[in-house]
Amino acid sequence: MNVKIEVIYDRPDKTPPIVGYFPSGYEPRKYDDSNNSQEPNHEENLSLPQPTVRFYRNAQRTKIEKSSNEKNDKWKSSERMELVVNPNAYDMDFVGKSYKGEATAAQLCTYALGVFDKKTQTLKIMPVAGNKIFRLQPKVRGLDTADKEPSVLENEEVSGEKKADKIMALNLAYGSKASVSQYKKAQALKQGDDPESQRDLGKKIDNVVVNKEALESASAHVARNIPPHNTSATTPKEAYPLNRIILTGEWDFLEDIYEILQGGAGAMSNAYPSFVRNRIHKLQEIQDEVEKKTLSHIFSYITHLIKFKDLHSLDGASSAKTHRFPSILRQKFVEIFTPESRRLPIEKTDHLISYVLVLTLYADDFRTDPTDIAKDLKVSPVNLRVHFENLGCKLVRENKLLLATLPVPLTFPTQRQKRRR
């Protein structure tokens with residue numbers, strides 16, 4: 001049949017359809033359907049009134065969240081909702097909440113309700129209230145009292161970063177000197193996230209005369225610790241072949257970012273590195289689907305590499321605990337970077353960083369600004385320059401930006417070794 005599809009968008013002045021289900025098996029339609037009644041007393045069922053349905057929104061909660069100064073995207077559209085179904089004949093209610101229980105689980109999809117009109121051959125697709133499917137749990141009146149409303153977001157799920165901050169606050173107050181020292185070192189590495197300190201650091205770096213010989217001798221362990229390459233290549237893509245970094249069987253497990261784009265998401269979650277979030281607009285601008293899919297897979301591979309590094313480092317383990325690695329990639333990373341313990345050795349960390357930097361060159365057409373990837377890798381800009389140079393890159397300045405480029409054929413820095421006396 002030929003069907004006309006009409007999409008109805010959410011409007012703030014109207015309540016969209018509310019969808020819920022009864023895990024207990026309760027069916028409201030039994031009370032007004034005499035042919036399908038399954039109760040033992042059939043005559044009594046016919047006289048029962050229909051269930052009462054009530055829907056609540058917490059307007060005060062919304063005001064608190066909008067006025068909160070906490071920089072958390074989670075609270076932007078977290079209006080609390082409750083759906084209550086009362087069978088009338090019983091002293092109990094079925095209650096579904098948008099902020100507790102099943103509704104708080106990770107949700108990677110958008111719900112919509114479709115209504116098909118056979119007469120007009122029209123399918124209307126509309127959003128559902130709160131983008132939630134309410135799980136209606138039975139509650140006996142008088143036994144289950146209503147939850148008290150917290151003053152400021154006390155009842156919400158604590159993020160991994162906040163939880164780590166609370167643990168470190170306890171460490172500072174009651175921990176040993178060694179644990180306090182470790183915390184201060186980790187905080188010093190995270191200072192690059194502050195925009196003011198980052199600008200000051202950039203100015204200082206520009207004015208510093210770098211002793212290249214000292215850097216080369218200090219970083220001798222990273223020499224040739226790089227991905228598979230071709231020294232006789234005539235183009236940057238041939239210098240580091242992409243099919244030797246991301247193998248054929250791995251592409252099918254890198255669909256997460258592409259699926260998010262297909263779902264119409266305008267922004268990426270904070271779980272992704274800033275390098276990926278700052279370039280999501282490039283994917284939205286690409287018209288060719290093959291090119292868009294390839295770039296989204298490269299972004300996904302970069303994310304897995306950074307999360308693997310964080311998982312085996314002291315300062316980033318908490319942020320990578322909940323990250324899901326495809327088994328094929330986890331096995332490959334373990335084989336290549338061989339973490340002997342919970343922390344990666346220095347040479348293996350440098351090897352992993354070289355993989356990430358090559359993929360960033362692919363993502364930016366071999367002219368990449370290393371500022372945001374330095375934050376994601378928790379590496380200082382000076383040390384990151386050494387990594388780029390060991391890949392055969394040249395650093396050029398354009399419009400006050402320092403860009404890493406890849407000239408061909410590849411030329412690697414020569415390492416000078418001091419003679420023994």
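Odds and ends about this structure:
- Each peptide in 354-363, 392-401, 4-13, 225-234 receives the mean, over its residues, of other Cβ atoms within 10 Å, and ordering these scores from highest gives 354-363, 225-234, 392-401, 4-13.
- Database remark: amide H of ILE18 closer than 5 angstrom to the amide H of ALA129 (H placed geometrically; neighbours at sequence offset of 5 or more, or on other chains; Pro and chain starts carry no H).
- Using 0.36 nm per residue and subtracting the Cα-Cα separation, the extra length available between PHE22 and LYS400 on full extension is 130.0 nm.
- Additional length obtainable on full extension of the chain from LEU314 to VAL334, 0.36 nm per residue less Cα span: 5.4 nm
- Sparsely packed loop sites in the range 323-363 (the GluC sites (Glu not before Pro) outside DSSP H, G, I, E and B with at most 14 other Cβ atoms within 10 Å) comprise GLU340.
- Links that overshoot a 19 Å alpha carbon limit, given the list LYS4/LYS124; LYS293/LYS348; LYS97/LYS162: LYS293/LYS348; LYS97/LYS162
- Highest average packing first - 367-377, 282-292, 83-93, Cβ atoms within 10 Å: 367-377, 83-93, 282-292
- Accessible surface for the range 230-388, divided over its residues, is 47 Å² per residue with a 1.4 Å probe.
- Considering all C-alpha pairs of the range 349-390, those separated by over 15 Å amount to 30%.
- Modelled label positions at SER269 and THR234, each set 7 Å beyond Cα in the direction of Cβ, lie 4.5 nm from each other.
- Label separation (GLN107 vs LYS321): 2.5 nm, computed from points 7 Å beyond Cα along the C-beta direction.
The values are calculated or read from the model by the stated rules, or taken from the named source; none is laboratory data. Since we're looking at a predicted model, the values are computed, not measured. Virtual Cβ from ideal backbone geometry, glycine too; neighbours counted across all protein chains shown. Quick note on the areas: whole protein, heavy atoms, side chains included, nothing else; ligands and nucleic acids left out. Shrake-Rupley method; radii C 1.70, N 1.55, O 1.52, S 1.80 Å.
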